[in-house]
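Asker: Below is one structure. I have some questions about it.
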Amino acid sequence: MRNIIIATSIVFIAVLITSYFYFSNLRQSDLPNHEIENTAIDEDVEDEISSGENPIWTFNLHAALITRPIVGSIGDTSRFILVQDAYHILYAISPSGQQLWNAQLPGPILGDIQQLADLTLVFTTAERLYRIDTDGDPLPGFSLQLPQRATGQGVTASHESAEDIRIDVQAGSRLLSFDARGRHLQTRTREANEAVDGNQEVQTDTRIGLPTGCNPLSYYGPLSEEGNYLLCGKDDRKLYCYRYD
């Protein structure tokens with residue numbers, strides 16, 4: 001019996017010694033070094049952002065993008081982004097990717113949104129004409145039902161003073177003209193060689209390529225005082241913003 005007790009004690013002590021060295025080595029060599037790993041990830045992300053490979057922000061839409069992003073002015077230096085999705089929701093987004101406001105429209109915007117010298121925004125759907133401020137609020141007289149359906153390039157506007165504005169809406173072979181408060185001035189036949197261009201030329205740079213998945217509805221240019229940016233939509237119902245140095 002005494003020999004059995006001695007043998008059992010020796011085995012127990014051996015197990016304790018083995019366990020001590022095993023767990024000591026595990027703590028020293030097998031646990032991950034989180035600080036080094038995080039540093040490496042941060043450096044990779046920074047390199048991707050500077051080369052335009054990784055978005056600096058994304059914005060969730062309710063549906064796919066159907067208009068190219070338009071960048072407008074809020075003041076002398078502040079800008080904001082306007083896009084519309086397939087549910088006909090118009091979004092105003094800050095340069096940092098935050099929603100400023102949104103508005104449900106009855107249909108897609110025809111042509112581009114026009115911004116006047118007083119910073120108000122003019123655009124049309126097939127049935128309604130809009131003039132809003134940069135907070136998304138309508139101006140007196142708007143929105144209004146068009147006497148004829150708008151077509152083609154949508155709306156153009158000329159601006160000379162706060163009360164001297166003429167807004168022309170293309171309606172087939174005719175032009176519908178309105179004043180600053182939405183009063184219908186006249187309807188006239190558009191000449192065959194008369195250009196009605198509500199679409200501004202898309203800003204592109206042949207030196208850059210669109211990131212993977214970006215559709216052609218894109219914007220390239222300034223959003224802030226520094227550098228150029230690329231805005232584009234993808235099939236995942238998001239607006240992506242990339243920085244290009």
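Asker: By the scheme Lys and Arg +1, Asp and Glu -1, what is the net charge of all other residues having a beta-carbon under 10 Å from that of Pro140?
Answerer: Values: positive: Arg131, Arg181; negative: none.
Charge balance in the 10 Å sphere: +2.
Asker: Multiply the residue separation of Thr212 and Arg237 by 0.36 nm, subtract the distance between their alpha-carbon atoms, and state the gained length in nm to one decimal.
Answerer: Working: separation 25, 0.36 × 25 = 9.00 nm, distance 1.46 nm.
Taking 0.36 nm per residue and subtracting the Cα distance, the gain is 7.5 nm.
Asker: At 1.4 Å probe radius, can you tell me the per residue accessible area of the stretch 77-117 in Å²?
Answerer: Heavy-atom SASA per residue in the stretch 77-117 reads 40 Å².
Asker: So for the stretch 52-136, taking the charge dipole from beta-carbon charges (+1 Lys/Arg, -1 Asp/Glu), which of Ala126, Gln84, Leu100 sits furthest toward the positive end?
Answerer: Going by the charge dipole, the pick is Ala126.
Asker: Further question: Give the carbon-plus-sulfur fraction of the accessible surface of the stretch 49-101 in %, rounded to a whole number; probe 1.4 Å, heavy atoms of protein chains only.
Answerer: Here it works out to 47 percent.
Asker: Further question: Once you place label points 7 Å from the Cα toward the Cβ at Gln148 and Arg128, how far apart are they in nm?
Answerer: 2.2 nm
Asker: Looking at the square roots a ≥ b ≥ c of the eigenvalues of the Cα gyration tensor of the stretch 92-171, which shape do they give, rounded for a/c under 1.5, prolate if a/b is larger than b/c, or oblate? The partial results should precede the final answer.
Answerer: Details: a/c = 1.78, a/b = 1.24, b/c = 1.44.
Verdict is oblate for the stretch 92-171.
Asker: If packing is taken as the mean number of other Cβ atoms within 10 Å per residue, what is the order of 104-112, 220-228, highest first?
Answerer: Ranking the peptides 104-112, 220-228 by packing returns 104-112, 220-228.
Asker: Apply 1/(1 + (r/R0)^6) to the Cβ-Cβ distance of Ser224 and Gln186, taking R0 = 25 Å, and write down the FRET efficiency to the nearest 0.05. Working shown, then result.
Answerer: Working: r = 42 Å, r/R0 = 1.68.
The calculated FRET efficiency here is 0.05.
The values are calculated or read from the model by the stated rules, or taken from the named source; none is laboratory data. Remember, predicted model here, so these are calculated numbers, not experimental data. Every residue, glycine as well, gets a Cβ built from its backbone with ideal geometry; the counts of neighbours run over all protein chains shown. Heavy atoms of the whole protein, side chains included, go into the accessibility calculation; ligands, DNA and RNA do not. Shrake-Rupley method; radii C 1.70, N 1.55, O 1.52, S 1.80 Å.
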